[in-house]
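Nothing in this text is a laboratory measurement; each read-out follows from the coordinates by a stated rule. It should be emphasised that the depicted structure is a prediction, and the values quoted were computed from it without experimental measurement. Positions of Cβ are generated from backbone atoms using ideal geometry, with glycine treated the same way; all protein chains shown enter the neighbour counts.
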Amino acid sequence: MLRPPIEPMHAAPVRRLPEPDSCAGGCVYEPKWDGWRALVFVEEDRVYLQSRSGRPLAAYFPDISRLARNALPAGTVVDGELIIWEAQRAATSFALLQRRVSAGRHLPREVAAHPAHLVVFDLLHTPAGPLLSAPLAQRAARLTSLLADAPPQLTRCPQTVDPQIATDWMRDWADAGVEGLVIKGLAGTYQPGRRGWAKLRTRTTTEAIVGGVTGSLADPGTLLLGHLDRTAHRPPAAAVPPGAARGGRRRGGGPRVRARPMATPGHVRPLPT
């Protein structure tokens, strides 16, 4: 039986969607969810949830622990993403995941109001033994069979070998909390700690006028951005926080800002895109 902690397999960023024949055994594409990575170990006397960094999570997700204990046989280890669906926004909510950690004595209320889901995308161990050296195609088939009768909160991550379907997922599911795609080779093994997969993030770009800057232009702290409308007015569009203003990435898919010169007369400040 695999024992926690195990460093999960990782994905390296790419700029373009890999071609179907560029992966070992052919590529398979999965949605990349905006949640918390979790490995679930179902043992005889407990269910252990492990974060990406190896920390225990079961205390914050008793609903997932209970479901895994009832739906999965002892000796099972799966890899997936914890998400919480916010019905009002019709999207996953990273903030609701974080509230699980800070809820304290109100955790039962959070669990009842906002149940978590585990989107499972890999099977590392079964009661018969480890599957780390098995090809992904075999692991995926056994995972589908394992979750055939599982409750909706333990769900199989969608997969496709069709790049057009994967592209449609990126476009159509972005507002629901899908950050992009993870691309894997069907002949690939599971290699803990290695960046053997690829990930392509969804990007949305726009142009705006810089209305104000805190800090210097070379190292801005915060930017006040606005859009030109048809009357040439500049209503505020957003206040971009530190980190994003420097080109960094905000948690939850926040904006990245890249400046380029603006040639319009009367405006000589950089224009972020």
Say each of A112 and R201 gets a label point 7 Å from the Cα, pointing the same way as Cα to Cβ; how far apart are those two points in nm? 3.9
Evaluate E = 1/(1 + (r/R0)^6) for A103 and E7, where r is the Cβ-Cβ distance and R0 equals 30 Å; express this FRET efficiency to the nearest 0.05. 0.60
Please report the net charge: other residues with Cβ closer than 12 Å to the Cβ of T92, K and R +1, D and E -1. -3
Relative contact order for region 10-201: what percent, with Cα pairs under 8 Å and sequence separation of 6 or more? 34
Rounded to 0.05, the calculated FRET efficiency for the beta carbons of T214 and R55 at R₀ = 30 Å is 0.30
What distance in nm separates the simple spin-label points at R46 and R171, each placed 7 Å from Cα in the Cβ direction? 4.8
Placing +1 on each Lys and Arg Cβ and -1 on each Asp and Glu Cβ in region 61-220, then taking the dipole about the Cα centre, the residue among S65, T189, A141 whose Cα reaches farthest towards the positive end is S65
Using Cα centres only, tell me the gap between region 70-107 and region 132-184 in whole Å. 18
Once fully extended, how much extra length lies between D149 and A24, figured as 0.36 nm per residue of separation less the alpha-carbon to alpha-carbon distance? 41.9 nm
